[in-house]
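Presented below is the structure to which this report refers.
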Amino acid sequence: MAYELPALPYEYTALEPYISKSTLEFHHDKHHAAYVTNYNAAVEGTELATMSIEDVIKAVAEDASKAGIFNNAAQSWNHSFYWNCIKPNGGGTPSGALADKINADFGSFENFVTQFKQAGATQFGSGWAWLVLDNGTLKVTKTPNAGNPITAGQIPLLTMDVWEHAYYLDYQNKRPAYMDDFVAKLINWDFVAENFATAS
Ligand code: MN3
């Protein structure tokens, strides 16, 4: 069964002024769409086509001969996840059990933010910053290119795309400014809390 490009869960203008309509048109309609098209074309007619995309990502992650399939599978999944990690009028702070767990595992929400932005800032070139649940502990991690923490047995709760295509039209080379707005104005903590509740 082919993997479907999900519609954005908000209007193309909904994240302005932080992420523009133009960025979302390129990022969702061109970049994400291409990953999905390439993934479906790559697995069509193979045994991978019958597997969930998560299982494909895990199955081919260590196989260099299938790097193209891995890249398009993981980028398809990562972007579908990313759109739900942000929302209009997002940001602020988490609450409830997730807030308690962040305080327990990072010391404070501010420490989490510092580590999350540090992961994004130090991901040289293209990649992703993540909040994951790893054997019951919250951790910040980063992956290069299409990397996804499920290949390391971690459960993704939140991600931030730090590929230039995610921010260059709006922030040019200023990745830190994009990350500041991502955290303060865009994170969908309800989605992160749902992921935490499911995972824990
Ligand atoms: Mn992207």
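Points worth noting:
- Subset of region 83-100 [of a type outside the set (S, T, N, Q) and either surrounded by fewer than 19 Cβ atoms within 10 Å (Cβ to Cβ) or in a loop (DSSP other than H, G, I, E, B) (or both)]: Lys87, Pro88, Gly90, Gly91, Gly92, Pro94, Gly96, Ala97, Ala99, Asp100
- Members of region 116-134 found to be out of contact with any Leu (no Cβ under 9 Å at 6 or more places or on another chain) and closer than 17 Å to Val192 by Cα, listed by number: Lys117, Trp128, Asp134
- Exactly one residue out of Glu16, Glu54 is acidic (Asp, Glu) and either loosely packed, with under 15 Cβ neighbours inside 10 Å or within 16 Å of the ligand (Cβ to nearest atom) (or both): that is Glu54.
- Failed condition for His27, given (1) surrounded by fewer than 18 Cβ atoms within 10 Å (Cβ to Cβ); (2) within 16 Å of the ligand (Cβ to nearest atom): (1)
- Among residues of region 101-119 being in contact (Cβ under 8 Å) with a residue 60 or more places away in the chain and closer than 20 Å to Arg175 by Cα, the one that is most open to solvent (accessible area, probe 1.4 Å) is Lys117.
- Long-range neighbours under 7 Å by Cβ, at least six apart or interchain, first residue more than 16 Å from Gly127 (Cα to Cα) within region 57-84, second among the charged types (D, E, K, R): Val60/Lys66
Conditions (1) within 30 Å of Glu25 (Cβ to Cβ); (2) of a type outside the set (A, V, I, L, M), marked per residue:
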{"position": "Trp83", "(1), (2)": "yes, yes"}
{"position": "Gly90", "(1), (2)": "yes, yes"}
{"position": "Phe106", "(1), (2)": "no, yes"}
{"position": "Phe109", "(1), (2)": "no, yes"}
{"position": "Phe124", "(1), (2)": "yes, yes"}
{"position": "Leu131", "(1), (2)": "yes, no"}
{"position": "Lys139", "(1), (2)": "no, yes"}
{"position": "Ala146", "(1), (2)": "yes, no"}
{"position": "Val162", "(1), (2)": "yes, no"}
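- Contact annotation: residue pairs with Cβ atoms under 6 Å, 6 or more positions apart or on different chains, pairing a residue in region 161-173 that is over 22 Å from Asn148 (Cα atoms) and of a type outside the set (D, E, K, R) with a partner that is more than 9 Å from the ligand (Cβ to nearest atom) and assigned to a helix (DSSP H, G or I), are Leu169/Ser22; Leu169/Thr23; Tyr171/Ala177; Tyr171/Tyr178.
Condition check ((1) closer than 30 Å to Thr114 by Cα; (2) hydrophobic (A, V, I, L, M, F, W, C); (3) in the same structural domain as Asp161 (by TED's automatic domain parsing); (4) at pLDDT below 95) across all residues:
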site	(1), (2), (3), (4)
Leu15	yes, yes, no, no
Tyr35	no, no, no, no
Ser76	yes, no, no, no
Gly90	yes, no, no, no
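The values are calculated or read from the model by the stated rules, or taken from the named source; none is laboratory data. Please read all numbers here as calculations on a predicted model, not as lab measurements. Neighbour counts run over all protein chains shown; Cβ positions are idealised from the backbone, glycine included. Quick note on the areas: whole protein, heavy atoms, side chains included, nothing else; ligands and nucleic acids left out. Shrake-Rupley method; radii C 1.70, N 1.55, O 1.52, S 1.80 Å.
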